[in-house]
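Comments concern the structure below.
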Amino acid sequence: MEKIYQLFSNGGVVMWPLLGLSIFSLAMILERSLFWSQLTSRQDKILKKVLVLYEKDPEMADMMLKKNQHLPMARIFLSALSLKRPTPEKFRLALESAAQAEMPLLKRFSNAFETITSVSPLLGLLGTVLGLITSLASLRIGDIESSQATGVTGGISEALTSTATGLVIAIVTLFFASTFRGLYLQQIALIQEFSGQLELLHLEKYEITGEITDAITQ
């Protein structure tokens with residue numbers, strides 16, 4: 001604990017905002033990790049079952065979707081299936097608009113991750129510059145070869161603590177942000193895939209219904 005306190009004090013005043021950024025980044029990483037772990041572990045299996053049920057028993061498919069409304073894809077499907085007598089065009093537009101409405105949830109904290117990744121190294125560099133100014137200001141020209149120069153050298157090494165801290169925060173945040181970005185892109189591809197499959201099934205049902213109606217009228 002004492003070493004941590006010493007390391008924190010060596011970094012200077014900028015260690016406080018860096019501490020705040022690290023806590024904020026950790027909280028967002030934990031939230032996004034929990035979100036994506038739950039989403040990737042359940043959603044694919046449920047949606048595949050829904051597509052099979054929709055082809056055989058649309059009412060059962062609707063019930064399964066309502067039980068899993070916490071999943072983005074379930075909400076997207078429900079927005080289209082809740083339409084009364086939807087044409088293929090209306091069905092497609094409902095899927096697209098619902099998918100767009102889910103984007104902010106899937107991209108949550110992306111801007112905050114980018115901000116922390118950019119700001120943390122700059123704050124660390126600022127702390128180093130302030131430390132260097134303080135160390136060099138205490139050095140007199142006549143003391144360059146004296147023992148005071150040793151203290152200045154030590155002060156310079158301590159001033160680099162803030163830069164190292166800022167870089168660590170930025171690197172860790174960037175790693176997780178890139179991971180979440182990859183999961184987001186993967187989710188977009190799945191939304192397009194499953195939405196397309198549901199749209200095809202609906203189109204088939206719509207065409208069959210139209211053929212039956214034409215046969216009755218004739």
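The values are calculated or read from the model by the stated rules, or taken from the named source; none is laboratory data. Just so it is clear, the structure is predicted and the values come from calculations on it, not from any experiment. Note: ideal-geometry Cβ built from the backbone for every residue, glycine included; neighbour counts use all protein chains shown.
Computed values, structure above
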item	result
Any chance ALA170 is surrounded by 12 or more Cβ atoms within 10 Å (Cβ to Cβ), in contact with a Ser or Thr (Cβ under 6 Å, 6 or more places away or on another chain) and either modelled with pLDDT under 85 or of a type in the set (A, V, I, L, M, F, W, C) (or both)	yes
Residue check, ALA189 over 30 Å from ALA80 (Cα atoms) and assigned to a helix (DSSP H, G or I)	no
